[in-house]
Amino acid sequence: MTEKTTLAGLMQDHALTVDRFIDFAARWHGTTPVVSRTVTGETERSSYADIAQRARLLSSALLGRGIVEGDRVATLAMNHARHVEAWYGVMGIGAVCHTVNPRLFDEQIVYIINHAGDRILLADAAFVPLLGRVLPHCPSIEQVILFPDGSPEDSPFPTIGYEAFLREAGAAANWAGIDERAACGLCYTSGTTGQPKGVLYSHRSNYLHALATLQHDFMNFSARDVVLPVVPMFHANAWGIAFSAPASGAKLVMPGARLDGASLESLIHEEGVTFAAGVPTVWQGLLQHLARSGGSLGTLKRVLIGGSACPPALLQALEDDHGVEVVHAWGMTETSPVATAASPTVATVALPAEQRRAQALKQGRPMFDVDLCLKGEDGEIVPHNGATPGHLMVRGSTVAGAYFRHDADILDAEGWFDTGDVATIDEHGFVRITDRSKDLIKSGGEWISSIEIENMVMSHPAVANAAVVGQPHERWGERPLLIVEAREGATATSGELIAHLEGRIAKWWMPDEVRFVDRIPLGATGKIDKKRIRAEMIGQPA
Ligand code: AMP
């Protein structure tokens with residue numbers, strides 16, 4: 001025997017596959033509820049034990065239709081218990097669950113279904129009209145299965161109801177023997193530049209990501225928590241919550257299609273939600289509703305906000321007016337997605353209140369197993385001094401190494417992935433995103449941070465949402481143009497907003513022009529759609 005083999009660890013070993021999350025929850029938290037809001041507004045109650053059992057029936061029915069390891073099975077659905085069953089039922093047999101975002105344009109949905117080569121599609125019945133438009137262009141789809149059940153009479157294509165499909169199953173399937181490095185999930189980026197690109201998660205990467213997000217400074221769920229993922233399961237892996245909630249035994253509350261303020265408020269109160277996760281626009285909608293209704297956030301203790309920068313006014317309203325702790329996180333589809341969060345450290349907790357809040361508004365420190373650095377245009381490391389911006393680079397076992405069916409190399413020679421974000425990193429290791437590299441405004445050779453101006457404008461009481469884009473300028477190259485959506489019933493003039501910015505941003509960052517719009521366009525994942533703003537407002541090609 002060589003020394004190498006004698007030195008091998010003598011510990012038990014099992015593959016790090018995601019089915020373990022639901023099996024653990026079924027065995028130790030089997031009766032813990034998983035509550036779903038239906039399209040008609042009622043709540044349906046399931047449990048981790050039910051989900052594990054029904055997911056195995058789905059696996060069996062899929063095997064019966066000839067689905068084998070590596071095949072792609074798509075979902076086009078909102079957050080509900082059946083969708084969770086679908087994830088585990090597909091992934092448990094080594095097939096790949098491709099979450100399709102229904103908010104993408106039809107052409108993008110057609111593109112990603114064809115690019116993925118999906119064989120079966122599980123979809124909410126509410127999306128039948130959308131499917132009627134796209135499916136004629138998606139020849140790889142052999143079968144459409146509709147949630148919750150039944151097949152609408154007016155469906156333009158053959159479907160089977162989800163419950164009827166489960167009845168096709170023989171005995172519940174066995175989930176053993178999947179390699180932890182095998183693919184289990186496929187999620188396309190929202191395609192803000194060019195066509196959407198597929199990020200192919202492995203069992204192992206999702207497993208490690210879920211465990212890492214459970215650290216205290218990130219999601220920190222416990223079996224006493226009631227978790228509401230407002231972030232949809234079709235956006236960036238639902239931030240891993242369909243894995244991390246069962247891993248912790250937390251009760252899961254799935255909001256379905258109703259993400260408006262009134263629906264979220266009633267769900268929080270009825271189910272005793274303690275933790276919720278979503279993009280800033282969701283919380284802004286909820287707070288606007290509460291301001292009108294005089295309602296409260298009840299049992300809610302903590303929210304994770306990410307996907308785009310958390311405006312200071314939002315953090316302030318949640319923490320100071322409602323007593324809800326905000327964890328501001330950053331990540332991207334390519335990073336599974338959570339990578340950093342701005343939870344305090346011993347050193348930052350000791351800072352004066354204003355600076356503590358400034359830290360909380362940054363995107364924060366990396367979670368375990370994520371490494372970050374800043375690089376300049378020349379590929380050299382930029383100092384982490386909290387002031388010098390650079391391209392934010394990331395690497396780790398939860399970071400994409402390549403895109404699905406895409407030849408291009410996406411890592412540099414040292415294995416770093418360029419996030420496309422521009423950031424600073426301070427002496428406490430806190431990242432502050434100053435812009436997307438393509439959204440940066442370059443004026444007189446210097447960078448202007450559109451995010452910073454947007455945040456400052458949004459702290460004005462009359463402003464509901466704001467976007468800043470670069471407008472071509474003969475002398476300076478580009479100058480900032482400010483687009484504003486006023487709060488319902490409120491008005492402000494350009495002069496008032498400019499006066500509000502004075503002293504809060506550098507003089508030369510001051511927008512040259514302010515334009516008011518009824519609605520700031522949002523993209524498929526609830527973020528401001530700057531591509532559309534640039535196309536519609538300054539005639540730049542999309
Ligand atoms: P997606 O893959 O759709 O989740 O988009 C990822 C991108 O969203 C990142 O590269 C950032 O540009 C942006 N993003 C995510 N979280 C934040 C945040 N907390 N602050 C600012 N930008 C963010």
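The values are calculated or read from the model by the stated rules, or taken from the named source; none is laboratory data. For clarity, every value in this text was computed on a predicted model and none was experimentally measured. Reconstructed Cβ throughout: ideal geometry from the backbone, glycine too, with neighbour counts over all protein chains shown. Keep in mind that these areas ignore ligands, DNA and RNA; they rest on the heavy atoms of the full protein, side chains included. Shrake-Rupley method; radii C 1.70, N 1.55, O 1.52, S 1.80 Å.
If you take just the helices (runs of 4 or more DSSP H) that sit entirely in segment 27-119, which of them hold at least 2 residues that are open to solvent by 10 Å² or more (accessible area, probe 1.4 Å), of a type in the set (Asp, Glu) and more than 25 Å from Ala183 (Cβ to Cβ)?
Answer list for segment 27-119: 106-116.
Being touching a strand residue (DSSP E or B) at 6+ places or on another chain (Cβ under 8 Å), open to solvent by 40 Å² or more (accessible area, probe 1.4 Å), under 21 Å from Asp529 (Cβ atoms) and in a helix (DSSP H, G or I) is true for just one of Glu452, Glu478. Which residue is that?
Among Glu452, Glu478, only Glu452 is touching a strand residue (DSSP E or B) at 6+ places or on another chain (Cβ under 8 Å), open to solvent by 40 Å² or more (accessible area, probe 1.4 Å), under 21 Å from Asp529 (Cβ atoms) and in a helix (DSSP H, G or I).
Only residues that are more than 14 Å from the ligand (Cβ to nearest atom) and at pLDDT below 85: list them for segment 411-442, please.
Lys442
Has segment 341-356 got any residue that is within 16 Å of the ligand (Cβ to nearest atom) and of a type in the set (D, E, K, R)?
no
Of all residues being charged (D, E, K, R) and either at positive phi or surrounded by 14 or more Cβ atoms within 10 Å (Cβ to Cβ) (or both) in segment 513-539, which is farthest from the ligand (Cβ to nearest atom)? Just the residue, please.
So the residue we want is Glu536.
Return yes when Ala464 is away from the ligand (no atom under 16 Å from the Cβ), open to solvent by less than 60 Å² (accessible area, probe 1.4 Å), under 23 Å from the mean Cα position of the chain (by Cα) and within 21 Å of Ala309 (Cα to Cα) and no when it is not.
Yes, satisfied.
Do the conditions hold for Val469, that is, is it more than 12 Å from the ligand (Cβ to nearest atom), touching a Leu at 6+ places or on another chain (Cβ under 9 Å), open to solvent by less than 30 Å² (accessible area, probe 1.4 Å) and not in a loop (DSSP other than H, G, I, E, B)?
It is true that Val469 is more than 12 Å from the ligand (Cβ to nearest atom), touching a Leu at 6+ places or on another chain (Cβ under 9 Å), open to solvent by less than 30 Å² (accessible area, probe 1.4 Å) and not in a loop (DSSP other than H, G, I, E, B).
Rundown of residues vs (1) more than 16 Å from the ligand (Cβ to nearest atom); (2) of a type in the set (Lys, Arg); (3) open to solvent by 30 Å² or more (accessible area, probe 1.4 Å), yes/no style:
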position: Ile160; (1), (2), (3): yes, no, yes
position: Arg167; (1), (2), (3): yes, yes, yes
position: Asn174; (1), (2), (3): yes, no, yes
position: Ser190; (1), (2), (3): no, no, yes
position: Gly198; (1), (2), (3): no, no, no
position: Leu214; (1), (2), (3): yes, no, yes
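Pick from segment 135-158 the residues that are farther than 14 Å from Thr75 by Cα and part of a helix (DSSP H, G or I): which of them is nearest to the ligand (Cβ to nearest atom)?
Here the answer is His137.
Would you check if Val253 is buried (at least 23 other Cβ atoms within 10 Å of the Cβ), under 20 Å from Ala329 (Cα atoms) and in contact with a strand residue (DSSP E or B) (Cβ under 6 Å, 6 or more places away or on another chain)?
Against the criterion (buried (at least 23 other Cβ atoms within 10 Å of the Cβ), under 20 Å from Ala329 (Cα atoms) and in contact with a strand residue (DSSP E or B) (Cβ under 6 Å, 6 or more places away or on another chain)), Val253 does not qualify.
Within segment 386-396, is there a residue that is within 22 Å of the chain's Cα centre (by Cα), more than 16 Å from the ligand (Cβ to nearest atom) and closer than 23 Å to Asp435 by Cβ?
No, segment 386-396 has no match at all.
If you take the residues in segment 293-319 that are part of a loop (DSSP other than H, G, I, E, B) and of a type in the set (A, V, I, L, M), which one is surrounded by the fewest Cβ atoms within 10 Å (Cβ to Cβ)?
Leu297
Could you please find all residues in segment 292-348 being touching a Leu at 6+ places or on another chain (Cβ under 6 Å) and not hydrophobic (A, V, I, L, M, F, W, C)?
Pro312, His322
Considering segment 364-380 alone, what residues qualify as being open to solvent by less than 20 Å² (accessible area, probe 1.4 Å) and either acidic (Asp, Glu) or more than 14 Å from Thr419 (Cα to Cα) (or both)?
Of everything in segment 364-380, those that are open to solvent by less than 20 Å² (accessible area, probe 1.4 Å) and either acidic (Asp, Glu) or more than 14 Å from Thr419 (Cα to Cα) (or both) turn out to be Gly364, Met367.
Based on what the data block shows, is Ala360 more than 19 Å from the chain's Cα centre (by Cα) and surrounded by 15 or more Cβ atoms within 10 Å (Cβ to Cβ)?
Against the criterion (more than 19 Å from the chain's Cα centre (by Cα) and surrounded by 15 or more Cβ atoms within 10 Å (Cβ to Cβ)), Ala360 qualifies.
Would you please list the contacts, defined by Cβ atoms under 6 Å and residues six or more apart or on different chains, that run from a residue in segment 351-362 that is in contact (Cβ under 8 Å) with a residue 40 or more places away in the chain to a residue that is open to solvent by 50 Å² or more (accessible area, probe 1.4 Å)?
Taking only residues 6 or more apart or on different chains, the pairs are Lys362/Arg432.
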